[in-house]
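Working notes, beginning with the structure itself.
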Amino acid sequence: MSKITNIIKRSGAVVPFNPERITNAIYRAAVAVGGRDKEKAAQLSAKVVEYLENNCAEGCTPQIEEIQDAVEKILIENGHAKVAKNFILYREERGQKRRADSKFASRVDENVPWQKIWHVLDWSVDSGLNTVQKLNKRIELGEFAHIVHESEAAYEEDILTASEMIQERLDQIKMVMISGPSSSGKTTTTLKLEQKLQQMGMKFRALIVDNYFFDLEFHPKDEFGDYDFETPQALDLQLINDHLKRLSEGEEVGIPYYDFKTGTRTLDHTKMKLEKNEILLIDSLHGLYPKFSEAIPSENKFLLFLEPLLQMKNGDGEFIRWTDIRLMRRMLRDSVQRAYNPQQTLEHWHYVRSSELRNIIPYQGTADYIINSAMPYELPLYSFKLRDHFNKWVKEYEGNPLREDAFERASRISKLLNDVHQIDDDSPVPHDSVIREFIGGSTFDYH
């Protein structure tokens with residue numbers, strides 16, 4: 001039994017010491033540089049714990065920074081410089097984010113697509129939907145169905161623009177990649193884009209990237225020991241590049257099949273070959289991640305990025321966070337399609353967000369076009385479906401040092417949903433809407 005029973009977080013909270021989190025952190029850093037030896041990660045973790053205990057009196061409570069310092073020291077001393085470097089870089093990134101999130105920070109965020117934002121904001125102001133107060137006023141006037149129509153029309157215009165841009169480069173493009181963070185609406189957008197392009201006379205083949213996951217036993221885990229499917233290193237990037245290159249050159253490849261029930265992959269499962277004038281259509285979280293398609297010249301790719309870029313201020317005069325919209329979407333989708341408890345989605349969102357800030361958001365500037373999937377009318381629907389849940393979670397998580405992130409998100413969203421008028425009738429929402437991907441009732445088959 002370890003001499004260390006508790007640790008002190010940066011916030012000052014004292015929480016139980018869990019050595020397995022050290023193992024998971026080391027393994028994640030190893031995976032990022034191509035290593036997948038869990039046994040070695042566990043051995044190195046044991047050395048870290050031993051080092052901490054040898055430098056800690058009985059009953060001492062180390063700071064989180066001391067533990068991270070020890071991890072770096074053990075990795076370097078045991079010949080794992082590359083893993084140590086990745087761990088250090090990730091630690092520094094997290095430090096920069098904390099400093100940037102400080103209320104004293106004042107900077108222009110390079111991860112925000114400002115040109116697109118100004119266009120969306122202009123539309124929001126013209127439509128009287130740039131504040132929760134104005135949204136509520138229009139609902140009171142019986143204009144909910146009109147808001148739905150206006151929002152859907154703006155989204156369809158974005159898809160049309162992307163389609164026309166692809167058509168202009170048809171002589172060069174071999175593949176179209178639709179990327180974006182979790183619950184941004186990639187699946188529906190991919191299907192609607194495909195419909196639009198087919199109407200223009202183009203032919204497509206879809207590549208299911210989920211089939212390129214490594215076997216579950218090789219997946220990295222998050223700090224709570226849950227398997228992390230959000231990181232690009234969970235995918236066999238080398239095999240993806242090989243197949244993309246060969247497909248673009250007209251060769252036949254054997255697409256693998258991933259069985260989520262068993263957590264195992266079967267190689268060379270389904271044959272695929274692109275016919276003449278056929279383009280590959282790829283829906284993936286990591287379509288913009290450089291190593292995802294580094295074997296393909298940029299002129300042969302069209303990169304599309306998706307995000308609910310809602311430009312609406314809450315009751316406190318602050319812009320509603322896009323990540324909060326996507327969190328609510330994922331809660332509803334997971335509960336409808338995957339029988340997943342919404343509370344679990346909230347508790348795990350911290351690592352979803354961490355991964356996308358590191359592996360997805362920074363590359364949105366490389367996209368050829370950005371589609372806004374936000375629908376101002378979705379908030380009243382979510383208020384009806386989720387308000388009571390968030391109010392309950394705020395009370396449940398208050399004062400729990402292990403769930404600080406969940407408490408912060410729950411508090412923010414609870415206040416928002418309490419300010420928004422509820423709508424319980426979703427019949428005005430088209431059955432091919434991107435929102436149907438999350439609330440159910442879509443005419444599209446997502447399975």
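The values are calculated or read from the model by the stated rules, or taken from the named source; none is laboratory data. The structure displayed is predicted, hence computed values, not measured ones. Cβ placement follows ideal geometry from the backbone for every residue including glycine, while neighbour counts extend to all protein chains displayed.
Yes/no matrix, rows are residues, columns are (1) over 25 Å from Val132 (Cβ atoms); (2) of a type in the set (Phe, Trp, Tyr); (3) without any contact (Cβ under 8 Å) to a residue 60 or more places away in the chain:
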position	(1), (2), (3)
Arg353	no, no, yes
Pro362	yes, no, no
Asn372	no, no, no
Pro376	no, no, no
Asn391	no, no, yes
Glu404	yes, no, no
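In segment 291-302, how many are surrounded by fewer than 22 Cβ atoms within 10 Å (Cβ to Cβ) and in contact (Cβ under 8 Å) with a residue 12 or more places away in the chain?
We begin by selecting, within segment 291-302, every residue surrounded by fewer than 22 Cβ atoms within 10 Å (Cβ to Cβ); these are 291, 294-300.
Narrowing further to those that are in contact (Cβ under 8 Å) with a residue 12 or more places away in the chain: 291, 294-296, 299-300.
Within segment 291-302, residues that are surrounded by fewer than 22 Cβ atoms within 10 Å (Cβ to Cβ) and in contact (Cβ under 8 Å) with a residue 12 or more places away in the chain number 6.
Could you list, in sequence order, all residues of segment 293-325 that are among the β-branched types (Val, Ile, Thr) and outside any loop (DSSP other than H, G, I, E, B)? Answer for segment 293-325, where residues must be among the β-branched types (Val, Ile, Thr) and outside any loop (DSSP other than H, G, I, E, B): Thr323, Ile325.
Residues that are in contact with a Phe, Trp or Tyr (Cβ under 7 Å, 6 or more places away or on another chain), surrounded by fewer than 21 Cβ atoms within 10 Å (Cβ to Cβ), modelled with pLDDT under 90 and not in a loop (DSSP other than H, G, I, E, B) are absent from segment 159-170 altogether.
Among residues of segment 123-139 that are without any contact (Cβ under 8 Å) to a residue 40 or more places away in the chain and on the phi > 0 side of the Ramachandran plot, those with a Cβ under 9 angstrom from a residue that is part of a helix (DSSP H, G or I) and of a type in the set (D, E, K, R), sequence gap 6+ or separate chain, pair up as Gly128/Lys134; Gly128/Lys137; Gly128/Arg138. Filtering segment 261-288 to residues that are in a loop (DSSP other than H, G, I, E, B) and under 13 Å from Tyr212 (Cβ atoms) leaves Ser284, Leu285, His286, Gly287. Among the candidates Asp368, Asp425, the residue that is over 20 Å from Trp349 (Cβ atoms) and in contact with a strand residue (DSSP E or B) (Cβ under 7 Å, 6 or more places away or on another chain) is uniquely Asp368.
Taken over segment 372-410, residues that are under 22 Å from Asn136 (Cβ atoms), assigned to a helix (DSSP H, G or I) and among the hydroxyl-bearing types (Ser, Thr, Tyr) amount to 2.
Checking each residue in segment 358-378 for being within 12 Å of Gly287 (Cα to Cα), buried (at least 18 other Cβ atoms within 10 Å of the Cβ) and at pLDDT 90 or above picks out Ile360, Ile361, Tyr363, Gln364, Ala367. Leu285 passes every criterion in (1) farther than 28 Å from Lys192 by Cβ; (2) surrounded by 15 or more Cβ atoms within 10 Å (Cβ to Cβ); (3) touching a helix residue (DSSP H, G or I) at 6+ places or on another chain (Cβ under 8 Å) apart from (1). Residue pairs whose Cβ atoms lie under 8 Å apart, separated by 6 or more positions or on different chains, with the first residue in segment 412-429 and farther than 18 Å from Leu141 by Cβ and the second outside any loop (DSSP other than H, G, I, E, B) and charged (D, E, K, R), are Arg412/Asp324; Ile413/Asp324; Ser414/Arg387; Leu416/Asp324; Leu417/Arg387; Asn418/Arg387; Val429/Arg436.
Among residues of segment 435-447 that are over 17 Å from Leu386 (Cβ atoms), those with a Cβ under 8 angstrom from a residue that is basic (Lys, Arg) and part of a helix (DSSP H, G or I), sequence gap 6+ or separate chain, pair up as Ser442/Arg436; Thr443/Arg436; Phe444/Arg436. Only one of the listed residues (Asp268, Asp242, Asp222) is at pLDDT 95 or above and in the same structural domain as Glu194 (by TED's automatic domain parsing). That residue is Asp242. Of all the residues in segment 418-445, those that are small (Gly, Ala, Ser) and either crowded, with 20+ Cβ neighbours inside 10 Å or outside any loop (DSSP other than H, G, I, E, B) (or both) number 2. Filtering segment 304-332 to residues that are surrounded by fewer than 22 Cβ atoms within 10 Å (Cβ to Cβ) and touching an Asp or Glu at 6+ places or on another chain (Cβ under 7 Å) leaves Asn314, Gly315, Trp322.
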